1. Working only within region 487-496, note down all residues that are touching a residue at least 24 places away in the same chain (Cβ under 8 Å) and crowded, with 16+ Cβ neighbours inside 10 Å.
2. Could you pull out the residue among Tyr293, Tyr193, Tyr277 that is without any contact (Cβ under 8 Å) to a residue 40 or more places away in the chain, assigned by TED's automatic domain parsing to the domain that holds Tyr159, in a helix (DSSP H, G or I) and surrounded by 17 or more Cβ atoms within 10 Å (Cβ to Cβ)?
3. Based on what the data block shows, is Leu99 within 23 Å of Ile162 (Cα to Cα) and surrounded by 15 or more Cβ atoms within 10 Å (Cβ to Cβ)?
4. Just one of (1) in a helix (DSSP H, G or I); (2) over 16 Å from Ala535 (Cα atoms); (3) without any contact (Cβ under 8 Å) to a residue 40 or more places away in the chain trips up His500, so point out which.
5. Would you be able to say whether some residue in region 67-74 is under 30 Å from Ala332 (Cβ atoms) and surrounded by 12 or more Cβ atoms within 10 Å (Cβ to Cβ)?
6. Please work out which one of (1) surrounded by 14 or more Cβ atoms within 10 Å (Cβ to Cβ); (2) charged (D, E, K, R); (3) closer than 30 Å to His202 by Cβ is the condition Arg252 fails and give its number.
7. Take Arg106 and decide whether it is in contact (Cβ under 8 Å) with a residue 12 or more places away in the chain and among the basic types (Lys, Arg).
Amino acid sequence: MAVLRHIAWLAKLCVSGPGGLVGLAQFVAIAVLGLIGVRVGVALIAWNADFYNALQALNVAGVLAQIRVYFGLTAITVALHLASTYLRRQLQIRWRHALTQAALDRWFAGKSYWHLRDRSEDGLDNPDQRIAEDCRIFVDKLTDEALELITKIVGLVSYVAILWSLSTFPLAFAVAGFSVEIPRYMVWAAPVYVALATLITHGLGAPLKRLDFEQQRREADFRFALSRLREHVEPVALAGGEAAERSVLARRFAALASNWHQLARREVILGLFSRPYLQTVLTIPMFLALPAYLAGRLSFGGLMQIRSAFQNVVTTLSWFIFSYKDLAQLAATASRLRHFLAAAEAAPSDGMVGPRIAEGTAFRTHRLRLSTPEGRPLGLLPELEIGAGDCCWIMAPSGFGKSTLVKALAGLWRHGEGAIERPTSPVAFASQQVYLPLGGLEAALAYPALPEAFSVAQYRQALAAVGLDALWTTDEPAWQRLRQGLSGGERQRLALARLHLHRPDWVVLDEATSALDAVAEREVLARLRAALPDAAFIVIAHRAPQGIGPCRTLRLADDGGADASLLAQDQEPAVR
């Protein structure tokens with residue numbers, strides 16, 4: 001029942017998304033085409049009697065007429081199939097768009113993508129696969145199986161009615177001297193036959209859901225390892241880490257292959273029953289009707305007609321058997337996707353106790369003590385107040401948690417206690433590791449704004465301010481080649497160029513110039529300060545910032561102590 005609730009909840013997201021009413025109309029249209037297909041199937045059952053009776057009677061004209069009827073019904077069937085397939089594809093992309101949008105909304109809301117980054121132990125690994133692959137699989141399987149189920153239910157009523165009208169003869173036999181007669185036995189044989197097969201199928205195929213769930217996870221882990229290697233080819237190559245990387249990839253592929261073998265074995269076990277069932281389901285009806293035909297109660301055409309009707313009943317009832325693997329995949333995908341989306345919804349307020357965040361006119365902290373996710377306490381930060389236009393250099397011993405402090409000031413870190421007040425005006429964070437988004441140079445400079453937010457003149461001016469004039473290009477392929485060869489210092493300069501474009505009121509620099517030498521640092525920071533004369537700067541670094549002007553220094557110690565002093569421009573203080 002839990003799986004059905006998951007499927008219903010996800011289906012509601014599909015229907016309630018953009019173009020929901022159009023999607024419902026397409027769904028109904030496809031269902032109507034399926035019902036027309038059922039009517040054609042009923043006509044084909046009647047055709048069996050007419051054709052084989054004409055054939056038995058050597059009625060040439062009748063046979064030729066029935067051949068024409070057959071090709072006419074076939075043409076209708078093909079047209080219905082093509083129209084249904086086209087509409088189904090349109091519906092699938094529409095609902096996939098709606099479900100993907102819902103997933104992205106939850107993943108980005110409250111920065112859930114950040115809070116969920118280290119939750120692999122909860123089964124929340126590979127969110128990229130959840131959003132890209134699972135949304136696609138769910139919509140494809142849902143539309144295929146739901147539409148087929150509707151068609152099967154309506155078709156079953158029609159086919160059973162035909163089989164009932166044709167099964168006018170009983171099955172008579174003796175057991176232990178008693179005479180037994182089963183009226184219309186062809187009707188009762190179908191559900192009994194399928195019910196037994198369904199129980200066997202479920203018993204043999206039950207582990208498929210778990211194995212498919214695990215296979216998707218291991219496939220994603222392997223792809224992630226490959227993607228990570230691609231993103232870090234330079235440090236791996238410099239370190240000669242090929243053997244270590246191959247070892248990681250080999251372990252992940254071995255895990256993938258191990259589950260794959262289990263999945264393959266279970267599919268073979270299921271196939272030992274389902275494949276013979278599929279092969280014989282079209283022949284068994286004739287064997288069951290043979291007694292009536294041999295007794296002269298059925299004509300040859302009647303035998304073929306009742307055979308066709310029985311086949312349709314049995315194959316319709318066997319939908320669960322034939323679709324078992326797809327249904328198992330649908331169930332596994334729905335469970336994964338529901339778990340991920342529920343976690344994304346809860347991530348921004350999942351009950352973790354952390355620093356209280358409030359809005360104000362400055363950065364202020366009160367009895368702030370941060371800790372690791374495991375609960376290990378970091379240094380106690382003394383009372384801190386940084387007002388508009390101020391400059392503060394925060395220094396601390398290695399391992400104190402300076403980068404963690406930056407995350408706390410950004411409102412991201414929720415491990416610890418105390419309170420943080422953050423200004424409501426724009427705050428820009430620049431860190432040691434620079435993120436370059438997909439797209440051209442304009443996208444890299446404008447981030448997180450869109451490229452069209454600034455003019456070409458503004459882009460070129462920002463690059464000139466950080467000494468990267470030679471990088472300017474509007475050709476995206478050329479930029480992609482250039483970005484591969486950017487040094488760490490050039491990446492940090494590019495991040496500082498963004499500040500020239502966005503002109504924030506508050507700037508937090510977390511080792512943002514660590515890859516620059518003292519002369520280059522003084523030059524770019526002096527230009528930045530000149531461009532942002534009224535902005536407040538919070539600099540977290542091991543060395544004193546150069547070129548930024550008078551800056552208050554706050555030295556933090558593990559015992560919670562702190563020294564505050566005024567650092568004059570270009571003066572290097574003694575570090576305790």
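1. As a first pass, look at region 487-496 and keep what is touching a residue at least 24 places away in the same chain (Cβ under 8 Å): 487-489, 491-496.
Result: Gly489, Arg491, Gln492, Arg493, Leu494, Ala495, Leu496.
2. Numbers: Tyr193 fails: without any contact (Cβ under 8 Å) to a residue 40 or more places away in the chain; Tyr277 fails: without any contact (Cβ under 8 Å) to a residue 40 or more places away in the chain.
From the options Tyr293, Tyr193, Tyr277, the qualifying one is Tyr293.
3. The answer is no for Leu99.
4. Exception for His500: condition (2).
5. Going through region 67-74, the residues under 30 Å from Ala332 (Cβ atoms) turn out to be none.
Taking every residue of region 67-74 in turn, none turns out to be under 30 Å from Ala332 (Cβ atoms) and surrounded by 12 or more Cβ atoms within 10 Å (Cβ to Cβ).
6. (3)
7. On the way: in contact (Cβ under 8 Å) with a residue 12 or more places away in the chain: yes; among the basic types (Lys, Arg): yes.
Here the answer is yes, as Arg106 does meet what is asked.
To keep it simple, each residue is scored yes or no on (1) closer than 24 Å to Gln484 by Cβ; (2) at pLDDT below 85; (3) of a type in the set (A, V, I, L, M).
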residue	(1), (2), (3)
Ala220	no, yes, yes
Leu226	yes, no, yes
Ala237	yes, yes, yes
Ser258	no, no, no
Gln262	no, no, no
Arg265	no, no, no
Ser274	no, yes, no
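The values are calculated or read from the model by the stated rules, or taken from the named source; none is laboratory data. Just so it is clear, the structure is predicted and the values come from calculations on it, not from any experiment. Quick reminder, even Gly has a Cβ in these numbers, built from the backbone with ideal geometry, and neighbours come from all protein chains shown.
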